[in-house]
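Readers should treat all values here as calculations from the given coordinates under stated rules, not as data from a laboratory. Since the model is a prediction, treat every value here as computed from it, not as a measurement. Cβ placement follows ideal geometry from the backbone for every residue including glycine, while neighbour counts extend to all protein chains displayed.
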Amino acid sequence: MSPASPPARSAPPVPERRAQAAQYLALATAGNRRLELDFDRLDGPDRGRLIAARADLRDAANTEHLFDHRLLALAFPSRIEATAVRLAAVNEARADLTATAAGVTSLQLLHQYEKQLTAANAPVEKAVTTIRSQLGLPPPATS
């Protein structure tokens, strides 16, 4: 009689999943806090100030890249890892668009990017909702 193969794991044990959820939340909370500051300034006091607005966008793009780098460094089971990779990919696309917007030379051109930047949030939000669900977290709060 041969030894039985261990059963395939579809989800990590509860303590492990809680630890993964806590790690993810720590990354997401820090990143979201920073992005909120950048975009609040961009929508508020920096809206009419090109140099400041560009700095806000550069910081936002850097924050998005840092989040992706740190997210991909976390150890997840394969199903959640696939979602993390997808989240990082769509967030990188958004970060690249944000960085491009940060390079414009006029406020008029900057404001033309607003709809594109808003649209780039949708795939990121979808991936965030999925990974949070997989980690046993509630959906993100909406604003």
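See the values below:
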{"read-out": "Qualifying residues in the stretch 78-115 (those that are touching a helix residue (DSSP H, G or I) at 6+ places or on another chain (Cβ under 6 Å) and free of Cβ contacts under 8 Å to residues at least 24 places away in the same chain) - the one nearest to HIS65 (Cα to Cα)", "value": "ALA88"}
{"read-out": "Per-region count, the stretch 125-136, residues of a type outside the set (Gly, Ala, Ser) and crowded, with 18+ Cβ neighbours inside 10 Å", "value": "5"}
{"read-out": "Pick from the stretch 64-83, criterion buried (at least 20 other Cβ atoms within 10 Å of the Cβ) and of a type in the set (A, V, I, L, M, F, W, C), ranking: farthest from THR130 (Cα to Cα)", "value": "PHE67"}
{"read-out": "Whichever residue in the stretch 99-128 is more than 13 Å from the chain's Cα centre (by Cα) and small (Gly, Ala, Ser) and, among such residues, is farthest from LEU57 (Cα to Cα)", "value": "ALA119"}
{"read-out": "Wholly enclosed helices (runs of 4 or more DSSP H) of the stretch 3-118 bearing at least 3 residues within 27 Å of PRO139 (Cβ to Cβ)", "value": "14-43, 50-73, 78-102"}
{"read-out": "Residue match in the stretch 62-69 (condition: touching a residue at least 40 places away in the same chain (Cβ under 8 Å) and touching a helix residue (DSSP H, G or I) at 6+ places or on another chain (Cβ under 9 Å))", "value": "yes"}
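Per-residue answers, yes or no, for (1) among the hydrophobic types (A, V, I, L, M, F, W, C); (2) farther than 19 Å from ALA127 by Cβ:
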{"position": "ARG33", "(1), (2)": "no, yes"}
{"position": "ASP46", "(1), (2)": "no, yes"}
{"position": "ARG70", "(1), (2)": "no, no"}
{"position": "VAL85", "(1), (2)": "yes, no"}
